[in-house]
Amino acid sequence: MTTTTAGTTDHAAPLDALLVDAALGPLRRFVPDLSTAKWAVSLGRRPRTTARRVGRLGVEAGRILIGASTSTPLRGDRRFTDVAWAENPVLRRLVQLYLATSQTVEQLLIDTDLGPRDRKRVQFLVENVIQAGAPSNLPLVNPASAKAAIDTAGLSLVRGGRQLVKDLASSPRVPEMVDGSEFVLGENVAATAGAVVFRNEVLELIQYAPQSDEVYEVPVLVVPPTINKYYALDLAPGRSLVEFGVRQGRQMFAISWRNPDSRHASWNLDTYVRAVLDALDAVEEVTGSTQTVLGGACSGGILASLAAAYLAGTGRQDRLAAVCLAVTVIDNHDAGTVSALIDEGLAARAKAMSARRGYLDGRTLAEVFAWLRPGDLVWTYWVNNYLLGKRPPAFDILFWNSDTTRMTAALHADFVDLAMENSLARPGTLTVLGVPIDLVKITVDSYVVAGLTDHITPWENCFRSAQLLGGTTQFVLSTSGHIAALVNPPGNPKSSFRTNDDLTVDAKSWLDGAEVNDGTWWTDLGTWLDGRCGARRPAPETLGSPRLNVLAEAPGTYVFDK
């Protein structure tokens, strides 16, 4: 168990790093810098160790040349599954030389006496260069590419070349990851029935139509991320957390953020927290309930936490029945590799750049996300799209991922500052709407879920974030990564989640003592909510209220903003 999750934070990217890279561009991280120079100096101070490593590589290269090497790719390495990589003597030697060189470079990094920050910087560069240098990325060298070129008389390479030119022409400058032609908003994605019952300049509030004769008295309001559209939480029929809640008899509401542009540059944390409170007012008016379960995911979880802390700080926490946070990092201490790549100077440059535009372009953020996992999100599609000349697959999560939004310059700056200063982990440091924020004052019950292999919000940081909340907190660790951890419907035999009631220990100890539960955390959350959503009552016959009329059918209008 421990081995499986080792290094999760080492390969993660905290919020500040993502937002800085999105403003400045991720390619700057591929340029050798002072840390690379320190690596070279460190190797020079260990000439015998360095010479021994290089010598061993030379010996292994000789063994490869004469066919005596037994080196093979790791089991499950999808780059080299074609039998030609093993049976063709030239290709087999090419792969073996690539593996030997990669292992030597990685070992040379291990041998150095670099500090943690410099080591992480160099490690990121080394890992990406190794991924890029794989022989599977070369046209015609890759046996599947050669076969496709023969079978199509070269048309596969022509199609791939055209797609490459198209992808490089505009952001995000990475291979297209999804065939979006099969998805239609409101039909097979973001398709749960409902209506917009409140709209202001910042958001639309969607009330979902009941699908049962009775509903729980206490409603649930979901605050989605401010990055990409809201429908990660209402992805597709049978794969929608919102739909799952509605079918359990919950009164579900979701915020759909407006896609801002340069006119909205000044919208900051205060603006968005105020908007969440406006949505909460509307939920109370529509349902007549004096309490609401407030939930949030990713950056939306940060906003939900701030709104809850604001209510606690103003003596109005009684409006909340509970708080639910999904893949949300509040404590950004030591949040991963990319945190080593960010400093105050870079942060200032990033904020200045978004301020000049008035916003952070979501397409550049999508490029940053891709380079966090280049093997899965760049080079796999490089081979499929360019070398094989194929269209990428149709996959709802990647369709959502490609449906990017902008972030206002002021919110971008606030999020960068919040993460770099780790303000929420220090009570009273941050003020929102004039109220000092202290998460300990959130004393209602909370449910916090994280993803075991999440490379954006590391589960260890989500765990420490849960420890910041007052009241009784249930922490749950789901399988999969960032969005895949959210999209976890019942019926998947591979699904599981971990629980452990002891939140007084560190993350590793919590994991060592955790119980593995079969199934999805969605059903666990449902049971947890049953005890906090009040009694059942007849479902409403109409949506909205006498004052808040239906403005549009779900998914609303803001979700279509480009």
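What the table below lists for this structure:
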{"item": "Residue selected from segment 76-112 under the condition hydrophobic (A, V, I, L, M, F, W, C) and free of Cβ contacts under 8 Å to residues at least 40 places away in the same chain, by the criterion least open to solvent (accessible area, probe 1.4 Å)", "result": "99"}
{"item": "Qualifying residue in segment 513-536 (condition: under 19 Å from residue 293 (Cα atoms), outside any loop (DSSP other than H, G, I, E, B), modelled with pLDDT of 95 or more and touching an Asp or Glu at 6+ places or on another chain (Cβ under 7 Å))", "result": "yes"}
{"item": "Residue match in segment 59-68 (condition: open to solvent by less than 30 Å² (accessible area, probe 1.4 Å), out of contact with any strand residue (DSSP E or B) (no Cβ under 6 Å at 6 or more places or on another chain) and either part of a helix (DSSP H, G or I) or not basic (Lys, Arg) (or both))", "result": "yes"}
{"item": "Some residue of segment 520-534 being under 22 Å from the mean Cα position of the chain (by Cα), closer than 25 Å to residue 333 by Cα and buried (at least 21 other Cβ atoms within 10 Å of the Cβ)", "result": "no"}
{"item": "Any hit, segment 181-201, residues being closer than 30 Å to residue 243 by Cα, touching a residue at least 40 places away in the same chain (Cβ under 8 Å) and part of a helix (DSSP H, G or I)", "result": "yes"}
{"item": "Of residues in segment 289-335 being open to solvent by less than 20 Å² (accessible area, probe 1.4 Å), in a loop (DSSP other than H, G, I, E, B) and among the hydroxyl-bearing types (Ser, Thr, Tyr), the one nearest to residue 222 (Cα to Cα)", "result": "328"}
{"item": "Residue in segment 179-196 that is open to solvent by less than 50 Å² (accessible area, probe 1.4 Å), under 30 Å from residue 555 (Cα atoms), of a type in the set (Ser, Thr, Tyr) and under 27 Å from the mean Cα position of the chain (by Cα) present", "result": "yes"}
{"item": "Some residue of segment 111-118 being within 30 Å of residue 33 (Cβ to Cβ) and basic (Lys, Arg)", "result": "yes"}
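To keep it simple, each residue is scored yes or no on (1) part of a loop (DSSP other than H, G, I, E, B); (2) among the charged types (D, E, K, R); (3) open to solvent by 10 Å² or more (accessible area, probe 1.4 Å).
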position	(1), (2), (3)
393	yes, no, yes
401	no, no, yes
414	no, yes, yes
417	no, yes, yes
420	no, no, yes
428	yes, no, yes
449	no, no, no
456	yes, no, yes
465	no, no, no
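For (1) open to solvent by 10 Å² or more (accessible area, probe 1.4 Å); (2) out of contact with any His (no Cβ under 8 Å at 6 or more places or on another chain); (3) in a strand (DSSP E or B), each residue gets a yes or a no:
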| position | (1), (2), (3) |
| --- | --- |
| 227 | yes, yes, no |
| 231 | no, yes, no |
| 238 | yes, yes, no |
| 242 | no, yes, no |
| 246 | no, yes, no |
| 253 | no, yes, yes |
| 260 | no, yes, no |
| 263 | yes, yes, no |
| 266 | yes, yes, no |
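The values are calculated or read from the model by the stated rules, or taken from the named source; none is laboratory data. Given the structure is predicted, the values throughout are model-derived calculations rather than measurements. Don't worry about glycine lacking a Cβ; one is built from the backbone with ideal geometry, like all the others, and counts go over all protein chains shown. All accessible areas refer to the heavy atoms of the entire protein, side chains included, with ligands and DNA or RNA removed. Shrake-Rupley method; radii C 1.70, N 1.55, O 1.52, S 1.80 Å.
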